[in-house]
Amino acid sequence: MSPDAPRLCLASASPRRAELLRQIGVRHRVVRPGVDELRRPGESVAALVQRLAAAKARAGLALRPDGLAVPVLGADTLVVLDGEPLGKPAGAEEGLAMLERLSGRTHEVLTAVAMTDGDRSEVCLSRSEVRFREITPEERRAYWASGEPRDKAGGYAIQGLGAIFVADLVGSYSGVMGLPLFETAELLGRFGVPVLES
């Protein structure tokens, strides 16, 4: 393998996950698998997020470019309030309603990371608690108008404008962004994928 070759395929369309991998020096190639994200009857949110991460990693195997026999990493993130997942808002009404529900409350963010090389697979789970300050109706409308919440689980981005609402965080900042770097680095190490290379 050439010194500049990718060491990993990232099975995700998320630019944030790709940036976090670059941040820790992991050379990678992005593939974009399509995975059914519907929750199964009786499935816990923790089981759902881990199943989806693993499914993305497995689906990514088939999308690796010819000759690139590297492990595949998949991840999934869900914002959880009152035991129920909050996905990406379908539109303004849902996005504003999510921000209103999160306002002044603590929610959980679960991010699962999965890796597979075709022979073995592993999954790990990061749990974080995020407390929002009260968000006024005017702030909710202005934040939605910024465009940032539209494709984010829970309708906000901690790494962007949404940071102004975060009063407290217990857990992994990068996990809330979508890729917990501590758990990811440990998983990469178990699959022989070097970090801090570039």
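The values are calculated or read from the model by the stated rules, or taken from the named source; none is laboratory data. As the structure is a prediction and not an experimental result, all values here were calculated from the model. Cβ: placed from backbone, ideal geometry, glycine included. Neighbour counts: every protein chain shown. Remember, those area values only see protein heavy atoms, side chains included, never the ligands or the DNA or RNA. Shrake-Rupley method; radii C 1.70, N 1.55, O 1.52, S 1.80 Å.
Some observations on this one:
- Options GLY42, GLY60, GLY67, GLY25: the member that is part of a loop (DSSP other than H, G, I, E, B) and open to solvent by less than 20 Å² (accessible area, probe 1.4 Å): GLY25
- Taken as a whole, the condition of being acidic (Asp, Glu), under 23 Å from LYS56 (Cα atoms) and touching a residue at least 40 places away in the same chain (Cβ under 8 Å) applies to GLU186.
- Whichever residue in the stretch 92-118 is touching a Ser or Thr at 6+ places or on another chain (Cβ under 9 Å) and more than 26 Å from VAL31 (Cβ to Cβ) and, among such residues, is surrounded by the fewest Cβ atoms within 10 Å (Cβ to Cβ): SER103
- Enumeration of residues in the stretch 70-91 that are part of a strand (DSSP E or B) and either touching a His at 6+ places or on another chain (Cβ under 9 Å) or open to solvent by 60 Å² or more (accessible area, probe 1.4 Å) (or both): LEU73, VAL79, VAL80, LEU81, GLU84, LEU86
- Residues in the stretch 130-163 that are touching a residue at least 24 places away in the same chain (Cβ under 8 Å), more than 20 Å from ASP76 (Cα to Cα), open to solvent by 60 Å² or more (accessible area, probe 1.4 Å) and within 21 Å of the chain's Cα centre (by Cα): ARG131 alone.
- Inclusion of GLU197 among residues that are surrounded by fewer than 15 Cβ atoms within 10 Å (Cβ to Cβ), out of contact with any helix residue (DSSP H, G or I) (no Cβ under 7 Å at 6 or more places or on another chain) and outside any loop (DSSP other than H, G, I, E, B) is not warranted.
- Output for the stretch 169-185, where each listed residue is more than 13 Å from VAL109 (Cα to Cα) and open to solvent by 50 Å² or more (accessible area, probe 1.4 Å): PHE182
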